[in-house]
Amino acid sequence: MDAVYSIIPAGVFSQVFVGLSRTTILFIVASGLTLILGVLRIPNVAHGSLYMIGAFTAFSVTKLTGGGSEGFWLALVIAPLAVACISLIAERGMFQFLYEREHLMLLLLTFAISLIFGDLVKLVWGSEYKSVPVPHMFQGFVPLFGGLPFPLYNLFLLAAGPVVAILLWLLTNKTKMGKIARAAAVDREMVGAVGINVSRVFAIVFVIGCYLAGLGGVLVAPTVSVTLGMDHNLIMEAFLIVIMGGLGNIWGALLGALIFGLTQSLGILIWPKFGIIFPYLAVVAVLLFRPTGLLKSTW
Amino acid sequence: MSRKTISGMGAGIIILLLFPVFLPRFYVYLASVILLYGLLATSLNLVLGYGGIFQFHHAVFYGVGAYGTTLMLTKSGLPAIFAFITGPLVSAAFGLVLGIICIRLSRLYFGMLQISLGSLVWAIVYRWYAFTGGDDGIHGIPMPEMISSPKSAFYFTFIITIISLYIMWKIIRSPFGSVLQGIRDNPVRSGMIGINVRRHQLLALVLAGFFAGVAGSLFVVVDNSVFPDMLFWTLSMEIVIMCLLGGWFTFLGPMLGAAVIVGLRTFVSMYTVYWALVLGIIMVLVIFFLPSGILGYAVEKFERGFRKPEGGEQ
């Protein structure tokens, strides 16, 4: 390996891995967003709020269980479920009446809901920074790439990404539910005409998508400070990823998240001050040459 | 315009002109902010309501105009008048460049590409400490003597806003404005009868950018500061809400929407920190129960069967 490091510095590898663990979070959130966009055609800005609620719930669960590592694993189960429950209420109470509305209206409406959720989070948790402890198992660093320390928790994230991707693939391609959802994405009237309860399918897809947002929120919680405003920062990135990958395409979300995560982490290496502009440059470049995204869109 | 509306407008203008005479300083400031936000929302409505273009990131042009004016005022030794011309022109140039890049795409994709480009501009402004002041922004911008007091800033804002509104009104009423509305209602047919659809849309984007830049420069006059949040996408959404709330198929709707939202924000913020919650609830109610906006609703209500509302049906 030393020969390799003499050509490419070890720091680059390390930074690639940092980018990949960021990719995991972005992919999990964006895949939920793209699922909802593809099947229900709702550009859900409130998706970011659900991610934030997931992170804050994780904070509460770990705090209630005494701040130990069991708390995190419990949060990993409970928080996404709590988010899913909230989304189920929102879907049955509001979104199910809106599937035929114009996109601009839906965008504004979900933005309004994100504002409401944002303030409700402020009401419940206050506006201080919160932190969630890294679970005991994954505390500390491992020497990777010529001895550079790499956080163990990020390795856990790296493993979690593919697991979620495979589960999603199985869900959409190997279950009857997934096949119906994919059919409904292409032609919802026809699916309804053959006697399938489309409304219920939509509700399930919506809840699964939001579950993923909550999951992303819990997973990201130990690596960042949990704070208000994390919703608006993330949702824009998730939207750009989804657009870049092709609306409604889960593999597109994966590809988009990879591009976004890697340009972000490597950009910081190339030009520390303006690292944050590289992902946006990548999105612009992609959209200039492939206006409807890299992979096939379901729209 | 009928005689009645002209006299009504005249009365309104006179009342507004008397504002600083009998109102305390804070309300003068508030009135200026309402005027410039109204101008900003009206400039967005030029492309969104009349042009049917999904301009999702209008705040970029507002922010760029404000930064352009500020940087000219603070970094160049030129007289202030050049700064106030440069700001809007830089915005118009951004409108042109972003327009050329985005115009090939339609509707939602147009909006998303614009948001990504706008976020790029935001990120640069946010990080370029040496030039733009980074995330702190620039505060205490020196103003020329003539417009440095709140009262004179109000009069300046007022005059510029009225002139800009008049020009936009003329633009919408011109053949170009009619073509723009025709493109909104049926782009394919407009193309078929020989209209260069993209060129017209592009011109509309440049004009909207210019007037957003004017609003940005006015903000510098009123507040003497700029900050990167002026370019963040959540502000763009708020501007769209102003248009929606007032009614985006009416000319003065966005101004009304801006007045309602800026006014409410000021007074709600005095009592609670949960302004976003209130705004969110207002938005949901408007979208569900008043989709054509306050003024749009009034026009429908009072002029039904008499004259079709401005811009035709939705």
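The values are calculated or read from the model by the stated rules, or taken from the named source; none is laboratory data. Quick caveat, the model's predicted, so the values are computed rather than measured. Counting neighbours? That spans all protein chains shown, and the Cβs are built from the backbone with ideal geometry, glycine included. Keep in mind that these areas ignore ligands, DNA and RNA; they rest on the heavy atoms of the full protein, side chains included. Shrake-Rupley method; radii C 1.70, N 1.55, O 1.52, S 1.80 Å.
For beta carbons closer than 9 Å, sequence separation of 6+ or different chains, a first residue in region B:1-15 that is in a helix (DSSP H, G or I) and at pLDDT 75 or above and a second that is among the acidic types (D, E) and open to solvent by less than 60 Å² (accessible area, probe 1.4 Å), there are no qualifying pairs.
Residues of region B:211-233 being assigned to a helix (DSSP H, G or I), closer than 17 Å to B:V121 by Cα and open to solvent by 30 Å² or more (accessible area, probe 1.4 Å), which ones? Break it down stepwise before answering.
First, pick out the residues of region B:211-233 that are assigned to a helix (DSSP H, G or I): B:211-223, B:228-231, B:233.
Applying the additional criterion that residues be closer than 17 Å to B:V121 by Cα yields B:212-213, B:216, B:228-231, B:233.
Within region B:211-233, just B:D229 meets the criteria.
Are there any pairs, at least 6 apart or on different chains, whose C-beta atoms fall under 6 Å, with the first in region A:18-38 and among the basic types (K, R) and the second open to solvent by less than 10 Å² (accessible area, probe 1.4 Å), and if so, which? Pairs that qualify, where the first residue is among the basic types (K, R) and the partner is open to solvent by less than 10 Å² (accessible area, probe 1.4 Å), are A:R22/A:G261. Would you be able to tell me the number of residues in region A:238-254 that are within 14 Å of A:I36 (Cβ to Cβ) and either polar (S, T, N, Q) or more than 14 Å from chain B (Cβ to nearest Cβ) (or both)? Number of matching residues: 3. Hey, among B:G118, B:G182, B:G137, which residue is in contact with a Phe, Trp or Tyr (Cβ under 7 Å, 6 or more places away or on another chain) and under 23 Å from B:I103 (Cα atoms)? Step by step, each of B:G118, B:G182, B:G137 is checked, and only B:G118 is in contact with a Phe, Trp or Tyr (Cβ under 7 Å, 6 or more places away or on another chain) and under 23 Å from B:I103 (Cα atoms).
Would you list the helices (runs of 4 or more DSSP H) that sit entirely within region A:185-287 and hold 3 or more residues that are in contact with a Gly (Cβ under 6 Å, 6 or more places away or on another chain) and open to solvent by 20 Å² or more (accessible area, probe 1.4 Å)?
Details: elements: A:188-193, A:198-220, A:230-245, A:250-270.
The qualifying helices (runs of 4 or more DSSP H) are A:250-270.
For region A:104-136, the tally of residues that are assigned to a helix (DSSP H, G or I), within 11 Å of another protein chain (Cβ to nearest Cβ) and open to solvent by 60 Å² or more (accessible area, probe 1.4 Å) stands at 2.
What tally of residues in region B:134-145 results from selecting those that are open to solvent by 20 Å² or more (accessible area, probe 1.4 Å) and either modelled with pLDDT of 85 or more or not in a helix (DSSP H, G or I) (or both)? Reasoning before the result, please.
Narrowing region B:134-145 to residues open to solvent by 20 Å² or more (accessible area, probe 1.4 Å): B:135-136, B:138-140, B:142-145.
If we keep only those that are either modelled with pLDDT of 85 or more or not in a helix (DSSP H, G or I) (or both) as well, we get B:138-140, B:142-144.
Within region B:134-145, residues that are open to solvent by 20 Å² or more (accessible area, probe 1.4 Å) and either modelled with pLDDT of 85 or more or not in a helix (DSSP H, G or I) (or both) number 6.
Summed over region B:241-293, the residues that are more than 13 Å from chain A (Cβ to nearest Cβ), over 20 Å from B:F158 (Cα atoms) and surrounded by fewer than 18 Cβ atoms within 10 Å (Cβ to Cβ) give a count of 4. On the stretch given as region B:105-126, residues that are within 8 Å of chain A (Cβ to nearest Cβ) and in contact (Cβ under 8 Å) with a residue 60 or more places away in the chain total 4. Applying the criterion of being crowded, with 17+ Cβ neighbours inside 10 Å and more than 13 Å from every other protein chain (Cβ to nearest Cβ) to the residues of region A:79-103, the residue that is farthest from A:Y211 (Cα to Cα) is A:E91.
A Cβ distance below 8 Å, combined with a sequence gap of six or more or placement on separate chains, defines the contacts here; from region B:139-156, residues that are on the phi > 0 side of the Ramachandran plot reach residues that are of a type outside the set (D, E, K, R) and surrounded by 12 or more Cβ atoms within 10 Å (Cβ to Cβ) in the pairs B:G140/B:N224; B:G140/B:S225. Only one of the numbered conditions (1) among the hydrophobic types (A, V, I, L, M, F, W, C); (2) at the interface with chain A (Cβ under 9 Å from one of its Cβ atoms); (3) closer than 30 Å to B:V21 by Cα is violated by B:I141, and that is (2). Kindly indicate whether any position in region B:1-23 is within 14 Å of chain A (Cβ to nearest Cβ), out of contact with any Cys (no Cβ under 6 Å at 6 or more places or on another chain) and open to solvent by 20 Å² or more (accessible area, probe 1.4 Å). Checking region B:1-23: not a single residue is within 14 Å of chain A (Cβ to nearest Cβ), out of contact with any Cys (no Cβ under 6 Å at 6 or more places or on another chain) and open to solvent by 20 Å² or more (accessible area, probe 1.4 Å).
Say whether the condition of being in contact with a Lys or Arg (Cβ under 7 Å, 6 or more places away or on another chain) and open to solvent by 50 Å² or more (accessible area, probe 1.4 Å) is met by at least one residue in region B:182-193. Show your work before the answer.
In the first step, residues of region B:182-193 are kept if they are in contact with a Lys or Arg (Cβ under 7 Å, 6 or more places away or on another chain); the result is none.
Within region B:182-193, not a single residue is in contact with a Lys or Arg (Cβ under 7 Å, 6 or more places away or on another chain) and open to solvent by 50 Å² or more (accessible area, probe 1.4 Å).
Taken over region A:288-298, the criterion of being at negative phi and assigned to a loop (DSSP other than H, G, I, E, B) is satisfied by A:R290, A:P291, A:T292, A:L294, A:L295, A:K296, A:S297, A:T298. Scanning for something farther than 27 Å from A:D187 by Cβ, open to solvent by 10 Å² or more (accessible area, probe 1.4 Å), among the small types (G, A, S) and assigned to a helix (DSSP H, G or I), does region A:39-58 turn up at least one residue? Within region A:39-58, not a single residue is farther than 27 Å from A:D187 by Cβ, open to solvent by 10 Å² or more (accessible area, probe 1.4 Å), among the small types (G, A, S) and assigned to a helix (DSSP H, G or I). Is it the case, given these coordinates, that A:V142 is touching a helix residue (DSSP H, G or I) at 6+ places or on another chain (Cβ under 6 Å), open to solvent by 10 Å² or more (accessible area, probe 1.4 Å), assigned to a strand (DSSP E or B) and more than 18 Å from A:I25 (Cβ to Cβ)? Judged against the criteria, A:V142 is a match.
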